[in-house]
Amino acid sequence: MPSIRVLKTFLAVAKHGSFASAGADIGLTAAAVGLQMRALEADLGQALFDRSGRTIVLNTAGRAAVTPTVDLVQRYEALASVDTGGLGGTVVMGALVSALMGAFSGALWQLKRDHPLLEVKLFAGLSADFAPRVENGELDAAVTTHSPRTLPATLQWTPLYTEAMVLIVPRRPHFKLGSDPMEILRTAPFLRFDRTTWTGDLVANVLAKSRVKVVESLEVNSVETIVALVRQGYGVSIVPKLDNVKWARDTDLQIISIPGNHVERRVGLLERTHHSRRQFTAEIKKHFKSRGSPVPTNA
């Protein structure tokens, strides 16, 4: 019977598409990965790869084996929770960088404090990129914004907290700054959050509801980069008002409410409908519920 280590190697190959790349990720040579995969095929009594020269591709049986293998590995890692009476083992999560700058960092710190045997492997990125990785089992869960599109039935998203969408302007701009929010939006160089992202959709929604045409200056896919550029006086922007950021003490920028704006960024937990790390995700929801955040009781 194959070991959990061999199954993890198989998943690394499935993820990276080659023995060499998988080996680089998990600390093995390509030859060692190849030996493990041949042993796995022998144990299962069937080929998992189509081999043509230097190309290694999962065949039909290999692709079918990925999902049950993910489940086996997750169930094995979840055994740590049974042994310790609490959370343990490794959880692989995705999170928005802005969520790590904001409220989610506090939840993560508390979980690590309360469950010292818990190991969280964290990947930073964009909401849209996390959805397929959660769906295929590469990530146990991810902290994302609310999707503007309908999610597959295999995924569920639970709201954790909300952030107001606000106008940020530099205190020492390299341009003439208007006297009211609408004038600022109409005349100042505008740093737009990447419109192909879920947060970018919210920014477009705010502008549409405000019925204002901005002077496009730059498009960026990072809230922290936009904030840094505004601080340096290069433009203005609309961003989520991140929790845990000392906005009032910032000497380089100021926050201005947009008149009539009720658009908020909803941040939540994306997970599969059925998975083996539900105790971990339940603890995250519990943390935000205790803060009075909008987590449904049946989530």
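What pairs come up if the first residue lies in the stretch 213-234 and is buried (at least 16 other Cβ atoms within 10 Å of the Cβ), the second is in a loop (DSSP other than H, G, I, E, B) and basic (Lys, Arg), and their beta carbons are under 7 Å apart, counting only those six or more places apart or on different chains?
Cβ pairs passing all conditions: 233/172.
Among the listed residues 44, 35, 40, 11, identify the single one that is under 21 Å from residue 64 (Cβ atoms), surrounded by fewer than 18 Cβ atoms within 10 Å (Cβ to Cβ) and hydrophobic (A, V, I, L, M, F, W, C).
44
Under the condition of being without any contact (Cβ under 8 Å) to a residue 40 or more places away in the chain and out of contact with any strand residue (DSSP E or B) (no Cβ under 8 Å at 6 or more places or on another chain), which residue from the stretch 94-113 is nearest to residue 239 (Cα to Cα)?
Result: 109.
Name the single residue that is surrounded by the fewest Cβ atoms within 10 Å (Cβ to Cβ) among those in the stretch 185-212 being aromatic (Phe, Trp, Tyr) and within 22 Å of the chain's Cα centre (by Cα).
My answer is 198.
Considering every residue within the stretch 279-297, establish whether at least one is over 23 Å from the mean Cα position of the chain (by Cα), in a loop (DSSP other than H, G, I, E, B) and surrounded by fewer than 18 Cβ atoms within 10 Å (Cβ to Cβ).
Checking the stretch 279-297: at least one residue is over 23 Å from the mean Cα position of the chain (by Cα), in a loop (DSSP other than H, G, I, E, B) and surrounded by fewer than 18 Cβ atoms within 10 Å (Cβ to Cβ).
Among the residues of the stretch 154-172, is any part of a loop (DSSP other than H, G, I, E, B) and not assigned by TED's automatic domain parsing to the domain that holds residue 124?
Within the stretch 154-172, one or more residues are part of a loop (DSSP other than H, G, I, E, B) and not assigned by TED's automatic domain parsing to the domain that holds residue 124.
The values are calculated or read from the model by the stated rules, or taken from the named source; none is laboratory data. Computed from a prediction, not measured in an experiment: that's the story for all the values here. FYI the Cβ positions are ideal-geometry reconstructions off the backbone, even for glycines, and counts take in every protein chain you see.
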